[in-house]
Structure formats: C-alpha cells, structure tokens
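Note sheet for the following structure.
Each reported figure results from applying straightforward, stated rules to the coordinates on display, with no laboratory input. Note that this is a predicted model, so its numbers are computed, not measured. Positions of Cβ are backbone-derived with ideal geometry, glycine not excepted, and every protein chain shown enters the neighbour counts.
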Amino acid sequence: MFDMLGSVLKNLVSRPATRKYPFEKREPLKDTRGQVGINIDDCIFCSICSRKCPSDAINVNKAEKSWEINHFKCVMCGVCAEVCPKKCVDMVEQYKTPAYSKSSAKYVQQPKPASQDNKTA
Amino acid sequence: MIENLVEISKEQLLSQVQSMKYDNYRFVTASCVDTGDGYLDVIYHFDLDLELKNFRVRVKKDEEVPSISKIYFCSVLVENEMKELFGLNVTNMAIDYGGHMLLSDDDLANPMAKQQIVIEKRGAK
Amino acid sequence: MSRSVIPFGPQHPVLPEPLHLKLVMEDEKIVEAIPAIGYVHRGLEKLTEVKEYTQNVFVVERICGICSFMHAMAYCQGIESLMEIQIPDRARYLRVIWAELHRIHSHLLWLGLLADAFGFESLFMQVWRNREKVMDIMEETAGSRVIISTNAIGGTRRDISKDMLLKIRVIVDEIKEDMKQLEPVFFNDYTVKHRLVGVGVLTSEDAYSLGAVGPMARASGISQDLRTTGYAAYGELDFEPVVEKDGDSYARTMVRLKEVYQSVSLIKQAIANIPEGEISVPVKGNPNGEVIARVEQPRGEVLYYLKGNGTKNLERLRVRTPTFANIPTLLKMLPGSQLADVPVLILTIDPCISCTER
C-alpha cells in the first residue's frame, strides 16, 4: 500500500523532470541527425546522394546546377552525407521546425567568376 | 540455403502437418512467394527447440490448397493474408475474412502477386 | 440470455494502436472475440521489391517504431548469411548493446502503458521518466531517438566511444536502481495485484499450440528465447531466459520487468567484453538464394524470409512479426473474461498493430 510513498515524497522535494519547453530549450546533441544540409559551392552534381536515398527525396540536375531536397520525404537516415564524395552534404544538428505546407528546398550553384576560369585555362 | 527444407506436394500437406503436430512442433508461420512463372511457392515453417523445419508446397496460381487451420488454429491469420495478397486459393479456413482482412474493396486485388497492371483512364472508352 | 456485440477499437483510449475487436457479450462476460485488422496496412513488403537491398535496411526499420533496431538487425543478419559476410567482432557487440537498449525502452514503455491501463497514472509517469534516460543514450550514440538507423549490411554505421560506453554503464545502473524502487509497486501493491493476478490465464499447452512467442510464451512456462541460439554476440554473454509459470497477466508483468534487469546485465557484460577494431566491412555483389533469419525482439521472435535473385533488388522479403503470432492467444484468453479486463488483456500481449500489418 505504501510502496509508492518513497517515490512520491522524493518527487515532492526534487526539481521537475521536464523542462519549461518554449522558454528553456535543450541544445541539440552532437551528431544528432536533425536535417540534411548542403554546401552548394562544393557540389559536383554527381547525383550519388540522389540514387542512394531510400526515400527518393533528393533531386539533382546537372545542367541547371541545382540540388533539391524535399524535407518532407526525407527520413533522416544520413546515407547522402555518408556517400557524398566531396563531403558537401551533411547532417545539421538542429531539427527542422514544423510547417503549414509541404515544400522542397532548392539550391542553385552560382556560376564561378570568369577570372578563375582564365587562370586554370 | 534454407536448413531442413522439404519439398512436398499439396496432397501430402495435411498429413505432414498432422505429423508435425504429433511431434509437438510449434507453427511459426507460412510464407508465400510468387515465382513469376504462374506458380506460387508456399513455405510452412515449424519450430522445435529453436530448430526450424520447413515444407515447400508448389501450386499453380488458381489451384486449391487445403487450410491447416483445423490442425493449427494460429495459421488462420497467415492463410487469410496469403489469400488476399497473393490470391492463393486456400479452402476450409477456420475464420474466413473473405478478402477483407488487410485490404478494402477499393484496393487492387492481390497486390503482392506478379501481374500486369493496366491503368484505365477514367472516362476513356 | 441474449447476446450483444460490442465493437472494441479501432480508436480506444487504452491503446493508440488501431486494433479492432468484435466482442460477443453475454451480460458482462465475453463469449467470443473476433479480431479485425487492416487499418494501418502500408504494403511495406511490396515496397521492398522496388528498393535496393541496401536501402531496404531503412524500410524494414520503419515497420515498427519500438523495435526498429531489431528489425534492421534481423534483416542485415539474413543478408549477411546469404552473402557469406563475416562482420567484425566490434560490430556484433555494438549490435547487442543497441538491441538491449531497445529492449529496455520497449519494456519500460509497456510497463508504463500497463500502469496507465489500470489507472495508475503516477506509476506510468515514474516508469516513463526512466525510459527517457534510454532515449537520451540513443540520441547521443546514434543521432536519433527511436529509429536509430545504425545498422548496415556488413556491420554498423556508427561507433560508440569509450567515454560513452562508460557513461552508458552508469546510466543503465541508474535505471536498474530506479526500477528496483518501483518494483514493489508492481509486485506487491494491492490494487495492482487485484487487476493482474489470475487475469487471462494461458496454460503452457495452449500457449505452445497457439504459437505464442516471446514474453507471452515465457510467462506461461515455455523457456523459449532465440538469443540462446547465440546470434550476434549473445553466444559469448552469460544469461538465462526469464521464465514464469503462472501464465496470467501478473506473470507477464514479472517477465518483462525482470527482462529489463537482464538487459542491463547484458549491456554491462557487452561493454566489459567489447573488442577494439573495425565496425564494418565493405559489401560487394548482390544477394542470391533464400534464407531465413530470426531474432528475439522485445515482443518475441521475428522471422525474416529473404529471397534474392542476383540483382540488387530482392525477389521477396517476408516478415512475420511477434504480434502476428500473439493475436491467436488473445482469442483464447478473451472468451470467459470480464469486459473490464479487456484493456489489460489486450495490453499484456504487447500489441504492435503497425508491425502486424506492415
């Protein structure tokens, strides 16, 4: 009958186990798979990430130099970050916030300055 | 590759299953595979002291297979599932859901079976 | 006496899972129960036919949210034995650690839900507060709380550092201590005993012939635990299956609570014995042939039947989840019991309907 009493008394005097969420947020832990991010300037548009993605969330267009991810299809497995040869796709620790409508994020690589081309040529 | 796999015909099935029950085997489950050449493979898995024993029955797509649910009642769910997903014609089941255990009327019949799917446009003649 | 039929579920406060039962009643007593499933059939087995076999690891993880790691483990072990891949020793131990963490969090979840089902709210919260510690370990080691995606064919995708292993050992000890404090409430409390002792008795003969697996079978006196076959690193660890004789809801609670302690001991043994080295080997080629893989999940035995045809797609992937095998025992237990006991009875099989229908 009084088996719970110890725990009850302990809970009365100890601090709450929960956080006051909107005012007090926990820092995301290291290496958490929050969402997929890309450093578009390093991307070579090889589209390995798009082929390996288990949920077909990534679309790569080599001609347009664009990289598109549908965050609402993504299952946060992190395979794209693992297979990327340039390591420009990575897992960002911060979770994606909820949204009112589904959308995809498109990144387009800006053309490199012409002077650089002249140097290499 | 599967250990203790015995190929039997569907006429032998009931007597084999009866003898498994007599030998105190536990019915694990049955798996159905569409081999793509008009045949279905049904594999019955039994377990005794964590050792599996398997029976493979090979039947034509519309052939009747006797239900083993009178011997092992627990095979009811899996037999209904095979009937729905593969169109395996299991007869004399202890509980027959009539094709509505997992699927509804609007769904495609036998979705796991290999079949040609023709999508008809609405309104097309 | 006239009979009436009461539909139980698919939406019912006692469990979030859409299990639907048609209960044929005589007064307050149940005479017959007919299960109706099919509310969450997602066709995952069909989906695996169009995905590559390496991608299927992530598909099978999503069959169940609670035992996701063990689904992936069973699948990977099946493919590995089909392709004759020898995974590194460290990966085998890492799999044991994550699998047992999953077992702890699944059983704590269940104990909390059971307390909630018989109306003991504060006990439910105490148990779930403990579970939160396991979830934090998961996020810290694997990067995700529930679907941890650390399995891959040929080993694991992540390693656990030495400091983290030591930290896990301290935390699982804390969980054990906290559960020891709550243990008398489950075992001796008058109200709890009143709701559990003698409710839903399943004899060992019935359990065996109805194909019960996991804690359901073990609570009825059947010593049947696939971990004793020694897959992954279980062959090198010391443990005995937890078996109870009575076969009632109380015995099932005892089995699951004691399995939490068993998992704590297994994790500590695995941490003590874990060798250094690689965590995965590269995989080449495609699977060809048939194989059956079985793993002990928190709810019981899961069976994977895999058939490859030499291409990167599998010809057939078939999953028999533990709840699928435990539903027939529910049909045996329900007739003859009172309507008020139905929530507790349904909970004691630890139903996972999204597992069952895949």
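Cα to Cα, under 24 Å, and not fewer than 8 places away if on the same chain: which lysines meet these conditions relative to B:LYS114? Correct list for B:LYS114: B:LYS10, B:LYS60, B:LYS61, B:LYS83, C:LYS46, C:LYS51, C:LYS307, C:LYS312.
Residues whose amide H lies under 5 Å from that of C:MET25, counting only those 5 or more places away or on a different chain, are C:SER4, C:VAL5, C:ILE6, C:VAL31; hydrogens are built 1.01 Å from N in the peptide plane. Once the Cα atoms are used to define both axes, helix B:76-86 deviates from the longest principal axis of chain B by about 40 degrees.
Each 5 Å bin from zero up to the one holding the largest Cα-Cα distance in segment B:5-91 carries the following percent of pairs: 3, 14, 28, 28, 17, 7, 2, 0. Of C:GLY277, C:GLY38, C:GLY221, the residue with the greatest mean-square motion in the GNM of chain C, using alpha carbon springs below 10 Å, is C:GLY277. Taking a ≥ b ≥ c as the square roots of the eigenvalues of the Cα gyration tensor, an a/c ratio of 1.5 or more together with a/b no larger than b/c marks the protein assembly as shown as oblate. The dipole here belongs to segment A:29-110: it is taken about the Cα centre, uses +1 on the Cβ of Lys and Arg and -1 on the Cβ of Asp and Glu, and is about 160 debye. Shielding value for B:48-55 is 2, the average number of Cβ atoms from other chains within 10 Å of each residue's Cβ. Partner shielding of C:36-44 amounts to 4, given as the average count of beta-carbon atoms from other chains within 10 Å of each residue beta-carbon.
For peptide A:74-83, compute the average count of partner chain beta-carbon atoms within 10 Å of each residue's beta-carbon.
4
Extending 7 Å from Cα along the Cβ direction at C:LYS245 and again at A:LYS20 yields two label points whose distance is 5.6 nm. To the nearest ten degrees, helix C:68-82 and the longest principal axis of the Cα atoms of chain C are 50 degrees apart. The relative contact order of segment B:5-91, computed from alpha carbon pairs under 8 Å that lie at least 6 residues apart in sequence, is 30 percent.
Across segment C:129-277, the relative contact order, built from alpha-carbon pairs under 8 Å that are at least six residues apart, equals 20 percent. The GluC sites (Glu not before Pro) found in segment C:44-137 that occupy coil by DSSP, while having at most 14 further C-beta atoms within 10 Å, are C:GLU84. Connecting C-alpha atoms closer than 10 Å in a GNM of chain C, tell me which of C:TYR234, C:TYR75, C:TYR39 has the biggest fluctuation. Greatest mean-square fluctuation among the candidates belongs to C:TYR39.
Would you mind checking the tilt of helix C:121-142 against the longest principal axis of the Cα atoms of chain C, expressed as 0 to 90 degrees and rounded to 10? Taking Cα atoms only, the helix is inclined about 10 degrees. Along the axis of the charge dipole computed for the protein assembly as shown (Cβ charges of +1 for Lys and Arg, -1 for Asp and Glu, origin at the Cα centre), the listed residues C:VAL134, B:PHE46, C:SER337 are led at the positive end by C:VAL134. Each of C:ILE349, C:MET164, C:VAL243 was scored by the projection of its Cα onto the charge dipole of segment C:3-357, and the greatest displacement toward the positive side belongs to C:MET164; charges sit on the C-beta of Lys, Arg, Asp and Glu.
In segment C:262-358, what chymotrypsin sites (Phe, Trp or Tyr not before Pro) fall in a loop by DSSP, with at most 10 other Cβ atoms inside 10 Å?
Counting only loop positions with at most 10 other Cβ atoms within 10 Å, none of the chymotrypsin sites (Phe, Trp or Tyr not before Pro) in segment C:262-358 qualifies.
Label segment C:3-357 by shape, choosing from rounded, prolate and oblate, from the square roots a ≥ b ≥ c of the eigenvalues of the Cα gyration tensor; if a/c is under 1.5 it is rounded, and otherwise prolate applies when a/b is larger than b/c, oblate when it is not. Oblate. Note on chain C: with charges restricted to the Cβ of Lys and Arg (+1) and Asp and Glu (-1), its dipole about the Cα centre is near 680 debye.
For C:LYS180, the aspartates and glutamates whose Cα comes closer than 15 Å to its Cα, not counting residues fewer than 8 places off in the same chain, are A:ASP3, C:ASP189, C:GLU259. Each peptide in B:66-78, A:87-99 receives the mean, over its residues, of other Cβ atoms within 10 Å, and ordering these scores from highest gives B:66-78, A:87-99.
Relative to the Cα centre, the charge distribution of chain B, modelled as +1 at Lys and Arg Cβ and -1 at Asp and Glu Cβ, gives a dipole magnitude of about 280 debye. Scattering from the C-alpha atoms of segment A:29-110 alone, worked out with Debye: what is log10 I(q)/I(0) at q = 0.23, 0.27 1/Å? Reported log10 I(q)/I(0), two decimals: -1.15, -1.51.
Couplings 3J(HN,Hα) of segment C:322-330, computed from phi: x, 5, 4, 7, 8, 4, x, 5, 4 Hz, in residue order, whole Hz [Karplus 6.51 cos²θ - 1.76 cosθ + 1.60, θ = phi - 60°; x for Gly and Pro].
Measuring nothing but how far apart in sequence close Cα pairs (under 8 Å, 6+ apart) lie, relative to its length, chain C scores a relative contact order of 26 percent.
Cα centroid separation, segment B:1-73 to segment A:65-86: 43 Å.
Can you pull out the chymotrypsin sites (Phe, Trp or Tyr not before Pro) in segment A:18-69 whose DSSP state is coil and whose Cβ has at most 12 other Cβ atoms within 10 Å? Filter output for segment A:18-69: A:PHE23.
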